[in-house]
Every structure is written in C-alpha cells, then in structure tokens.
Amino acid sequence: MSALARYFHSIGKEVFGYDKTKTHITDALSEEGISIEFVDETVWVDTKLKNTDKDSVLVIYTPAIPASSVIKKYVTDTGFTVIKRSEALGVITRNTTNLSIAGTHGKTTTSCLLSHILTTAKIPHVAFLGGLASNYESNYWNSLVGNDKGISITEADEFDRSFLTLKPKYAGITNMDADHLDIYEKKEHLTESFVAFGNLVDDHGQLFVQADNQNHFTKPITTYGIEQGHISGRNVHIHDAAFVFDLYLENDVYRHLKLGIPGKHNVENAVVASAIATQVGVTEHDLRLALESFKGVKRRFEYILQTEDITYIDDYAHHPTELNAIISSARQLYPNKKITAIFQPHLYTRTRDFMAEFAKSLSALDEVILLDIYPARELPIAGISSAALLDLITTNKSLVLKTEVVETIKKHKPEVLLTLGAGDIDTLVEPLKISLTEL
C-alpha cells in the first residue's frame, strides 16, 4: 500500500489515507508529504473529500481492512470508485513489461533482489515491493523517468487471490505451501489459484516454477531449484561466512557467484531472480555485482546486532516453512552457539492450521520464548492460544508477556537471538538492541 502511495504521490496526485497503527513506514510517508490518519472515523474523510468531484477520486484498499471498517463502508456507500490494491497494480502495470514473483514464501526477497539486479544493470523500471529493500530503504523504486511502457516489477500476492489481476510477461513461483486457509479453505484451492496465476503469463514470455511444484502445471514452464531443474544453483557452499554457488542457466554457466544474504533458500531465490533478469538483458558482470551487493530486505534475516558476545537477527517468518529456513540458516552459520528465538504467532487461523508444524519447527531451537498470538484482523478461536502451542514444543520454552520480553532476555544472555513473526514484534527490536548492547 505504501509503495502505491509513493507512486501516486510521485506523479503529482494528492494522497492521503488511513492505517491502524503508526509505524516507521507511516512516519516516512508523512515526511514525504502524504497525510495519514489513525482513526477509523468518517469525520476526517468527509472533510478531505468535501466539495470534491467523485470522478476525480480513487479509493484503494488492502484486503487486510476488515469489512466492518467505518471508512470503507462510507466511501463505498457514498459512491466513490473503490478498488483493491491488486487491481490498482494491474492497471498501473498493464502497459509495461511486467515481471512478477509469486509464492507463499520468498516473494518479497526475490522481487527486491530482482529490482536490485536491474538497478545495478541500469535498466529502467518501476518496482512495487512487499518489504523495505535494505539497499534503498524503500519498497518502491522508479527509474522509468516518464517512460510508462518500460519494465515493472510486482510482488504477486496470493492472499485473497490478489495476483490474478496481473498480466506478467515473465513470472516466478517460488513455492505453493499451504497458507491463508481462512481464505482458501483447502490446500487444493490455493494450488489452483497459483496455477491460474501461471496461466496469466504472456505466451511470448516465460514462467519459472520451483521444480518441486512442476507437476501442477499443464502450460510450458521452466523449472528451477538447487541441484535440480532447467535452471539451477549448484555446488552451494559457505566461504568467508557468505553463500557461494554456481548458476546453471539454459545456455550458460556462471561460476562462484557470491550472495550478499545468507541461507540456502535465498540461493534458490537468487536463481529465479537471476533467470528472469537475464531475460531482460542483464549481463553476467552486472549480475555478479548485484548478487554480492544485495543487502536483503528489512525483517528478512536482518542483522540487528553483531558483537563478539551476541548475534541478533530479526525476521518476518510467520509460517513453519519460513521458520525452518531461518533456523536452518542460523544453524549453518553458527553451528556451535546456543540459538534462542522469540516468536509471536500471527493469526489464530494460521496457528490453528499449523499448530503441530509450528511446534516441530520451534523445537529445533535451543530455547523458545513465545508471545501471545497477534490477531490482526481476526477474533479469538476457542482452544487456540500460545499456551496450547507451548505445550507441544519439546525444547526449553516459556510464555512471556510482550512487556516482559526485554527483562527476560537480559537474564538469559543469549549467544544468537532471533525475533520472529509478522505481527507487532518488530516494535521490540530497538528496545532489545539497546538492552543487549548494554549487557
């Protein structure tokens, strides 16, 4: 949403809006001249839109806004044009060569990396990303300079089937793990949605699918993976604390590529981003520079603190597969150190659907500190709680109030600390960093 706000602001439109919570992102938008309110009331909206021609106003909303929203009901009932975020992206990118990255996990990192590769290669493009790319401290990039028929990069979101409004020429599907079952009900319905997205790819373009998921598709695809697929990353190893690999393309081999972010899963993300980038003219030289200089995405294996005594990493992981990837990466990088994680489950439905999987993932840690479930748009579900999850975890564990976390961590003095979750756990990052620095 903030990327869209930045886009419309950059082309001279007056942009204002509502968010539930004040964050560093809303602060940044305000500093850029975008007005944001934090109350779900009609008074300020009515004042803003008073005496305004309805045809000159476009209202864009995210599906995260609940149906009970006072503002949403007001603008809909009053007759303004109201569309979903994904529909706006579809309209904006319709006249461009669209590059889209979809997948239950990895799409934010992969789309940010793809944008960074094109930026390094000086290929003009506009990018709408789902996270803050650390190289640019932004989720929006526009170097088209008025050329709206150039290249666009979009993170294709499967939530609420949003990605079905896009029309990519080149697309990557990183995985199709079960998630958002509050929307899809069954894993099969989610898979069908990804296949429908793949069918939207231009017949003159190319669809890249992680090799484990290839059997779901009937249209021609290019598979990719680690040591598998038409395009692959091979000989993956760690050298000087960095992941290094050989990239096997359909007609070329680029050896000893160094990736600026850790994790075997990110090597796989780099494989598909590189494959798409070469389709739009990126050379091996620029690709090497981009992969090594990529700093990742905020809250994706983001190093907050690194000293002789402690390493502190923050990550958005909120699904068992994501937890497995983060914990595995931490183990590879710090094999002889105690790893402690603070985890905040996100959504009652997700916790319900993956209770056993969450417990198994978290049990691979040396120590787990659980916070209460972050509900977001949901109401509580009977029997679904962090306490219930805690009972299933087999490693050292505790359930702690969010207000007690900093003091708890002071006592534990961890060697490697992870904060994990997609709720408001990120508000603990700075206090924890300060506290750990003082130890």
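Inside region 288-318, residues that are out of contact with any strand residue (DSSP E or B) (no Cβ under 7 Å at 6 or more places or on another chain) and part of a helix (DSSP H, G or I) make up a count of 3. Evaluate the following for Thr21: is it β-branched (Val, Ile, Thr) and either over 14 Å from Ile65 (Cβ atoms) or surrounded by 18 or more Cβ atoms within 10 Å (Cβ to Cβ) (or both)? The answer is no for Thr21.
One residue stands out in region 73-111 among those that are farther than 17 Å from Leu207 by Cα and among the charged types (D, E, K, R): the one that is farthest from the chain's Cα centre (by Cα), namely Asp77. Quick one: which residue in Leu362, Leu371, Leu289, Leu333 is out of contact with any Lys or Arg (no Cβ under 9 Å at 6 or more places or on another chain) and modelled with pLDDT of 95 or more? Answer to the selection: Leu289. Being modelled with pLDDT of 90 or more, buried (at least 18 other Cβ atoms within 10 Å of the Cβ) and not assigned by TED's automatic domain parsing to the domain that holds Ile11 holds for only one residue in Ile101, Ile123, and it is Ile101.
Restricting attention to region 293-312, the residues being buried (at least 20 other Cβ atoms within 10 Å of the Cβ), among the acidic types (Asp, Glu) and closer than 16 Å to Lys337 by Cα number 0. Among Ala376, Ala341, Ala364, Ala325, which is part of a helix (DSSP H, G or I) and either in the same structural domain as Glu407 (by TED's automatic domain parsing) or aliphatic (A, V, I, L, M) (or both)? Only one candidate qualifies: Ala325.
Is it the case, given these coordinates, that Ala277 is outside any loop (DSSP other than H, G, I, E, B) and either in contact with a strand residue (DSSP E or B) (Cβ under 7 Å, 6 or more places away or on another chain) or of a type in the set (A, V, I, L, M) (or both)? In short, yes. Whenever a residue of region 261-277 is hydroxyl-bearing (Ser, Thr, Tyr), its partners that are in a helix (DSSP H, G or I), lying with C-beta atoms within less than 8 angstrom and at least six residues away or across chains, give the pairs Ser274/Ile117; Ser274/Leu287; Ser274/Leu291.
Looking across region 273-308, the residues that are over 13 Å from Ile123 (Cβ atoms), in contact with a helix residue (DSSP H, G or I) (Cβ under 9 Å, 6 or more places away or on another chain) and acidic (Asp, Glu) come down to Glu284, Glu302. Where strands (runs of 3 or more DSSP E) fall wholly inside region 27-95, no range has 3 or more residues that are more than 19 Å from Asp157 (Cβ to Cβ) and not polar (S, T, N, Q). Applying the selection to region 108-159, what residues are within 14 Å of Val282 (Cβ to Cβ) and in a strand (DSSP E or B)? Within region 108-159, His125, Ile151, Ile153 qualify.
Within region 199-245, being touching a residue at least 40 places away in the same chain (Cβ under 8 Å), within 17 Å of Asn98 (Cα to Cα) and under 21 Å from the mean Cα position of the chain (by Cα) holds for one residue alone: Phe208. Restricting Thr427, Thr408, Thr403 to residues that are touching a Lys or Arg at 6+ places or on another chain (Cβ under 9 Å) and assigned to a helix (DSSP H, G or I) narrows the list to Thr427.
The values are calculated or read from the model by the stated rules, or taken from the named source; none is laboratory data. Keep in mind it's a predicted model, so treat the numbers as computed, not measured. No Cβ is skipped: glycine too gets one built from the backbone with ideal geometry, and neighbour counts run over all protein chains shown.
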